[in-house]
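The values are calculated or read from the model by the stated rules, or taken from the named source; none is laboratory data. Note that the structure is predicted; figures quoted are calculated from it, not measured. Here the Cβ positions follow ideal geometry from the backbone for every residue, glycine too, while neighbour counts run over all protein chains shown. What goes into the accessible areas is simple: the full protein's heavy atoms, side chains included, and nothing from ligands, DNA or RNA. Shrake-Rupley method; radii C 1.70, N 1.55, O 1.52, S 1.80 Å.
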Amino acid sequence: MEMFTRGVASFGQHFIGLFQTGAMYFLNLFLFQLLPWIIIMMAFMNIAFKLIGLERIEKLAAVLGKFPLTRWTLMPMLGMMFSGNPMTYPYARFLPENQKVAFFDAAISYCHPVTGLFPHANPGELFVYLGIAGGVFFRMSMVSGVTMNRALPWLYLGFLAVQYFLMGLIMILIRGIVTQIIYNIKAKKFLKAKVKNRRL
Amino acid sequence: MYKAVKIIKSASGWGGPLTVQPTEERNKIVSITGGGIDPVAKKIAQLTGAEAIDGFSTGVPDTRIACVVINCGGTLRCGVYPKKNIPTVNLTPVGQSGPLAEFIREDIYVSGVVESGIVPVDLSEELVQVEAASQEASPAEDKPEAPVEDSKEDNWVTRSGKVLAGFATTCVQGAKQAVDVSIKEVIPFMVFMSLLLGILEYTGLGAFLGRTLYPALGTLPGLLVLVIICALPMISPLVGSGALIGQVLSVIVGYGIMIGQFPIWLALPAFFAVDAQVGCDFIPVGLSMGDAESTTIDVGVPTILLSRLFTGPIAVIIAFFLAQAMHPFAEVHFQIEGIFDMIGQMMP
C-alpha cells in the first residue's frame with residue numbers, strides 16, 4: 001500500500017511539475033517581461049503608422065520600386081512597417097511582371113527580421129524572433145543578476161533587434177538579386193519551351 | 001415614394017450589408033458626425049429620397065429616423081442606435097466594441113462605409129460583385145480622418161475639434177488593436193512555447209540536447225546543415241507553413257542559449273538558419289496578391305525554392321562573420337567579459 005501511495009504521489013508530482021515549469025516560463029519570462037513591452041510597442045506603432053497614412057507610403061513605394069537597390073531593400077521594409085505581413089505583397093502591382101517574383105521573395109523574407117523592432121507588422125509569427133531573443137533575454141537576466149546591471153537584458157535585446165533588422169536588409173538584397181537572376185534564366189527557358197510547343 | 005438602398009461595408013469594415021427603406025413615418029437620415037452632414041448621409045438621402053439632417057444641431061425623435069450615420073470610434077454611439085433598433089452606418093471601421101457591443105449585430109449595423117458602398121437596391125445585385133472586386137483592389141480605406149470632408153462651412157473650432165477627435169480615435173484604436181492582437185495572436189504562442197520549454201526542461205530532454213545537439217549546432221557547419229535542410233526545395237514548402245517549424249526551431253535554439261550550451265553571439269546567424277523556408281508554402285497566394293499572371297507564378301514557385309537553397313546559406317555565413325566581428329566589441333560594451341564562464345560553472 002505504501003508503495004502504491006508513493007507511486008501515486010510521485011506520478012502526480014511529476015505530472016504537475018511538467019506544466020509547472022512551463023507555467024514558470026510563461027509567467028516570469030513571457031507575461032511579466034516580454035508581453036507588456038510588446039503590447040506597448042505595438043500600440044505605439046499602430047498609432048504612429050496610422051497617423052502617417054498608407055497612401056503617402058504607397059506612392060513612395062511605387063517610386064522606390066523603380067531602382068533595383070531600393071526595390072529589394074527599402075520597398076519591402078516600408079511595406080512591412082506600414083502594411084504588415086500579408087498586405088505588403090500587393091505592392092508588387094507597382095512593378096512590371098518580370099520583377100514581381102524577386103520582390104515577393106525579398107518582401108516575404110523580411111516579415112521576420114522586421115518583428116524585432118516593429119512587432120505589429122507580423123504579430124502572429126513573433127516567435128521566429130522571440131524564441132531566440134527570449135533565450136538571450138533569459139540568459140542576460142542571469143548575467144544581470146551577477147553584475148547587478150538590471151538594464152542589461154533590455155540593452156542586449158535592443159542590440160539583437162537592430163542586428164537582426166540590418167542583417168535582414170542585407171539578406172533580402174542578396175535574395176532579391178539571386179532570385180531575379182534565376183527568374184530571368186527560367187523565364188527565358190519557359191518562353192523558349194512555349195514557342196517550341198506552339199511550332200509543334 | 002421612397003426607394004430602398006443597400007449599404008455595404010468597405011474592406012476594413014464590419015457588419016452589413018444593410019438595406020434601408022425609409023417610410024412616410026421614418027424618413028430622416030440623421031448624420032451625427034460632429035457638425036455638418038456627411039457625404040455618406042447625403043448620398044443615402046439622395047438615393048432614397050429621404051431628408052438628411054444634421055443630428056448635432058437638430059434633434060430628431062427616434063421614431064422618425066430611417067437610419068443614422070455616425071463616425072464613432074468604438075465607444076458609445078456605435079452601440080446606442082443599434083440598441084434602439086435603428087439601422088446604423090458607422091464611417092469608422094469598428095466592429096462589435098464598447099459597452100453596448102452586444103447590441104451591435106450584422107443586421108442592424110455596418111461600419112467602415114464609404115460613398116461607393118451605397119447602392120440602390122434594384123441595381124445592387126450586379127453592383128455587389130463590382131464592389132467586392134474594387135474593395136480588394138484598394139484596401140487602404142481604414143483612415144479615420146476620411147469623413148472630414150465637407151468642412152467649408154465649419155469654423156475653426158469645429159474643424160480643430162474634428163481633427164482632435166480623429167486623433168484621439170486613432171490613438172485609442174491603435175491601443176485596442178494592440179491588445180486584441182496580443183490576446184488573439186501573441187499569448188497563444190507564448191502559452192505553446194512555454195509548454196515546449198517546460199517539457200524540454202522537466203523531462204531532461206533539454207539537458208540531453210545540451211550534451212548532444214547544441215554543441216554541434218552552435219558552430220558554422222552546424223548552422224549550415226540546419227539551413228540547408230530547411231531550404232531544400234522538397235522540404236521548404238512543407239516546413240514553411242505558418243512559420244510554425246521556424247518558431248519551434250527558434251525556441252529550441254533559444255533554450256540552448258538559455259542553458260548556456262549554445263553560444264550567445266551566434267544568435268544572429270541562428271535567426272537566419274531557422275528561417276530559410278519563410279513563406280515557401282505561400283508563394284502562389286502571395287504572387288497572385290500582387291496581380292502576377294499565372295505564367296509568372298508557374299515560373300516563380302520553383303525560382304524562389306531554388307533561390308532559397310543558395311541565399312539561405314549565404315545569409316547565415318555573412319551573419320556569422322558579422323556576429324563574430326561584433327562579438328568582442330559587444331562584450332566590452334555591455335561589460336560582460338568572462339561572465340558567461342562564471343555562470344556556466346554555476347549551472348548544472
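Being touching a Phe, Trp or Tyr at 6+ places or on another chain (Cβ under 8 Å) and outside any helix (DSSP H, G or I) is true of B:Phe262. Within the range B:11-54, the set of residues being open to solvent by 30 Å² or more (accessible area, probe 1.4 Å) and assigned to a helix (DSSP H, G or I) comprises B:Lys42, B:Lys43, B:Gln46, B:Leu47. For the range B:176-196, filtered to residues that are farther than 17 Å from A:Leu27 by Cβ and either at the interface with chain A (Cβ under 7 Å from one of its Cβ atoms) or of a type in the set (A, V, I, L, M) (or both), the residue that is surrounded by the most Cβ atoms within 10 Å (Cβ to Cβ) is B:Ala178.
Look through the range B:197-219, keep the residues that are among the aliphatic types (A, V, I, L, M) and open to solvent by 40 Å² or more (accessible area, probe 1.4 Å), and return whichever of them is nearest to A:His120 (Cα to Cα).
Across the range B:197-219, the extreme among qualifying residues is B:Ile199.
For B:Ala243, the stated conditions do not hold, so it cannot be described as among the small types (Gly, Ala, Ser) and at pLDDT 90 or above.
Quick grid of which residues meet (1) of a type in the set (A, V, I, L, M, F, W, C); (2) at the interface with chain B (Cβ under 7 Å from one of its Cβ atoms):
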site	(1), (2)
A:Phe94	yes, no
A:Ile108	yes, yes
A:Ser141	no, no
A:Pro153	no, no
A:Gly158	no, no
A:Met167	yes, yes
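Among the residues making up the range B:290-304, those that are within 25 Å of A:Ser83 (Cα to Cα) and either in contact with a helix residue (DSSP H, G or I) (Cβ under 6 Å, 6 or more places away or on another chain) or facing chain A (nearest Cβ under 7 Å) (or both) are B:Gly290, B:Asp291, B:Ala292, B:Glu293, B:Thr296, B:Ile297, B:Gly300, B:Val301, B:Ile304.
Within the range A:169-200, the set of residues being facing another protein chain (nearest Cβ under 8 Å), open to solvent by less than 20 Å² (accessible area, probe 1.4 Å) and farther than 16 Å from A:Asn98 by Cα comprises A:Met171 only. Among the residues of the range B:289-301, write down those that are open to solvent by 40 Å² or more (accessible area, probe 1.4 Å) and over 29 Å from the mean Cα position of the chain (by Cα). Within the range B:289-301, just B:Thr295 meets the criteria.
Restricted to the range B:220-235, and to residues there that are surrounded by fewer than 17 Cβ atoms within 10 Å (Cβ to Cβ) and without any contact (Cβ under 8 Å) to a residue 40 or more places away in the chain, the residue that is nearest to B:Pro263 (Cα to Cα) is B:Pro221.
Among the residues making up the range B:259-279, those that are open to solvent by 10 Å² or more (accessible area, probe 1.4 Å) and either touching a residue at least 60 places away in the same chain (Cβ under 8 Å) or more than 7 Å from every other protein chain (Cβ to nearest Cβ) (or both) are B:Ile259, B:Gly260, B:Gln261, B:Pro263, B:Ile264, B:Trp265. Identification of helices (runs of 4 or more DSSP H) wholly contained in the range A:51-137 with 2 or more residues that are open to solvent by 10 Å² or more (accessible area, probe 1.4 Å) yields A:54-64, A:68-71, A:74-87.
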